[in-house]
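Undergrad: A single structure is presented below for examination.
No value in this document is a laboratory result; all are computed from the given coordinates. Treat the numbers as computed from the prediction; the structure is a model and nothing was measured. Cβ sites come from the backbone with ideal geometry, for glycine too, and all protein chains shown count toward neighbours.
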Number of protein chains: 2
Amino acid sequence: MHSSDLLKDIVIGMSDGLTVPFALAAGLSGAVANSSIIIIAGIAEIAAGSIAMGLGGYLAGMTERDHYQSELKREYEEVDRVPEIEKQEVKDFFKQIGLSEEVQEKASNEIARDKKQWVDFMMKYELGLEAPDPTRATKSALNIGFSYIAGGIIPLCPYFFISNSTQALKISILATLICLFVFGYFKSKLTGVAPLFGALKVALIGAAAAGAAFGVAKLIS
Amino acid sequence: MHSSDLLKDIVIGMSDGLTVPFALAAGLSGAVANSSIIIIAGIAEIAAGSIAMGLGGYLAGMTERDHYQSELKREYEEVDRVPEIEKQEVKDFFKQIGLSEEVQEKASNEIARDKKQWVDFMMKYELGLEAPDPTRATKSALNIGFSYIAGGIIPLCPYFFISNSTQALKISILATLICLFVFGYFKSKLTGVAPLFGALKVALIGAAAAGAAFGVAKLIS
């Protein structure tokens, strides 16, 4: 497993974990005066969200693996059954990137000399599929799920200690926006975006979600 | 925009939209007897979740576009500044897929004859980057956001009509599991997974998330 995969999982889990429970708690603070119901809703949301995202990540990983295996099998069969068509597909690849007829011919003959090499080439450049890491699905599920929980606990903390939900909301907004900003800063650094700009964007999403949740909850209550 | 992109957005939005508000409502039904608080929490969650996912999708699309543009600029500069190194990278690509020294040399010379073709090749096969659709980010945000709302309304509907939350929960479980099953069936057909197996998996995620949310909410209330 690449460290970039781990970071990607953490980013996926934590950005939603910080945002959605935060916004839900903010929304309920607009409708309910007592913190206890907000804590129950927040924890129920964290349980639901972490399982949905974690299990979702696990099953997506499994599907990717199954899909790769079935395509691999199909390519091996086709290379045996219709070698001329498959060779033409290799030639078409070389044509499409701009090589001359002569080099297309030579290159596709060389690729087709070795069956494994031929199939690997087709998988990667015709179908655009990379061989998935077999243990990735399980790890990914755990990483995303726990990152969601870690992110979701932060905005709820103030409600544990302050029974007046409006007061707790103020601390929650402050703490969560700081965390979103810091998280957005490091996330942007990793993905090569200007860090301060990226940090502002991430904090903005959280604020917009919380504002909308607060607004609709206030409206209907 | 490819139709597969639209379907991907709908799948992303709707699978979370059906699952998380469903599980939250189920969780609160374990702790609160009256449906009205569940409706408020559910709608706040849908507002928060759709904005977090929609805006998240939008900003991810923007980041992808910016990243592509900055890499494209860098490749053009490198092709001008260090053409020999860049040509060697093209040659290395042909070596790595299994071509002979002679064909590597010919193919990389042919690629490097045209600057645009050369850079396009490097972007796609060295960096693995596809040119993103410029309007994709906005469309993606709207697709994901509205799919989340459409999915999230379904599990909440029974609570609008039945004031006893335990009674409403029973209808909600039935309606949502049927929707998750149908949704999972079509999702699997699109992604090439065995449809019935895929449908069961999607329904299972929803049931697990709802069960966990119900369990923790009951425990702490």
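Undergrad: Show which aspartates and glutamates lie in cross-link reach of A:LYS189 when reach means a straight Cα distance below 18 angstrom and same-chain residues fewer than eight apart are skipped.
TA: Hits, sequence-local ones excluded: A:ASP5, A:ASP9, B:GLU64, B:ASP66, B:GLU71.
Undergrad: Could you tell me whether segment B:1-129 comes out rounded, prolate or oblate from its Cα gyration tensor? Rule is a ≥ b ≥ c as square roots of the eigenvalues, rounded for a/c under 1.5, then prolate if a/b exceeds b/c, otherwise oblate.
TA: Prolate shape, in that a/c is at least 1.5 and a/b is the bigger ratio.
Undergrad: What is chain B's relative contact order, in percent, from Cα pairs under 8 angstrom and six or more apart in sequence?
TA: Once normalised by length, the contact order is 41 percent.
Undergrad: Tell me the relative contact order for segment B:80-137 as a rounded percent, counting alpha carbon contacts under 8 Å between residues six or more apart.
TA: RCO, segment B:80-137: 29 percent.
Undergrad: Would you mind classifying segment B:107-221 by shape? Square roots of the alpha carbon gyration tensor eigenvalues, ordered a ≥ b ≥ c; an a/c under 1.5 is rounded, otherwise it is prolate if a/b is larger than b/c and oblate if not.
TA: In terms of gyration-tensor shape, prolate.
Undergrad: Mind listing the Cα extents of segment B:7-78 along all three principal axes, in Å, largest one first?
TA: 66, 20, 14 Å, listed from the longest principal axis down.
Undergrad: Now a separate question. Can you tell which of A:ALA48, A:ALA194, A:ALA141 shows the greatest fluctuation in a Gaussian network model of chain A with Cα springs below 10 Å?
TA: A:ALA194
Undergrad: For segment A:140-204, what's the radius of gyration and Dmax over Cα atoms, in angstrom?
TA: Cα-based Rg and Dmax for segment A:140-204 come out at 13.8, 42 Å.
Undergrad: Report the percentage of all Cα-Cα pairs in chain B whose separation exceeds 29 Å, rounded to a whole percent.
TA: It works out to 48 percent of all Cα pairs.
Undergrad: Now a separate question. Calculate one ³J(HN,Hα) per residue across segment A:43-59 by plugging θ = phi - 60° into the Karplus curve 6.51 cos²θ - 1.76 cosθ + 1.60, and present them in order as whole Hz with x for glycine and proline.
TA: For segment A:43-59, the Karplus curve yields 5, 4, 5, 5, 4, 5, x, 5, 5, 4, 6, x, 4, x, x, 4, 5 Hz.
Undergrad: If we hang a label 7 Å off Cα along the beta carbon direction at A:LEU6, how far is it from the matching labels on the other copies, in nm, shortest first?
TA: 4.1
Undergrad: Suppose a student asked you for the relative contact order of segment A:1-120, using Cα pairs under 8 Å spaced at least 6 residues apart; what percent would you report?
TA: Once divided by the residue count of segment A:1-120, the mean separation gives 16 percent.
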